[in-house]
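Presented below is the structure to which this report refers.
The values are calculated or read from the model by the stated rules, or taken from the named source; none is laboratory data. Remember, it's a predicted structure, so these values are computed and weren't measured experimentally. Neighbour counts are summed over all protein chains in view; Cβ atoms, including those assigned to glycine, are modelled from backbone coordinates with ideal geometry.
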Amino acid sequence: MTEETEQVRAETPDAEARWRVGVSKACISAGICLAEAPHHFEFVGVRARPTAEVIDSAEEAELVSEVADDCPVGAISVVRL
């Protein structure tokens, strides 16, 4: 579990909680993110990118954080705004 995932889980969800999702240029197109969270990622060219840069749901942020943990090159970031 990464520090980012622990941060998402440690935060108390509230009506105004939001998270920013990003995919860095380190992405190697392994496809794990698309397999585990197809509603949150898509391929554009040779790299994955988030379908939405901001997530408003704590449950969805936790899912995407778990996917970030599974990324073989650590290209996915999830940060609470």
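Of note:
- Out of ALA48, ALA15, sole residue that is at pLDDT 95 or above and of a type outside the set (Lys, Arg): ALA48
- Residue within region 64-75 that is part of a strand (DSSP E or B) and modelled with pLDDT of 95 or more present: no
- The listed residue being surrounded by 11 or more Cβ atoms within 10 Å (Cβ to Cβ) and on the phi > 0 side of the Ramachandran plot, out of GLY31, GLY45: GLY31
- Out of SER65, SER57, sole residue that is among the hydroxyl-bearing types (Ser, Thr, Tyr), in contact with a strand residue (DSSP E or B) (Cβ under 8 Å, 6 or more places away or on another chain) and surrounded by 12 or more Cβ atoms within 10 Å (Cβ to Cβ): SER65
- Contacts under 6 angstrom Cβ, first residue in region 33-57 being farther than 14 Å from ALA75 by Cα, partner among the acidic types (Asp, Glu), 6 or more apart: THR51/GLU42
- Residue check for VAL44: among the β-branched types (Val, Ile, Thr) and under 18 Å from GLU16 (Cα atoms): no
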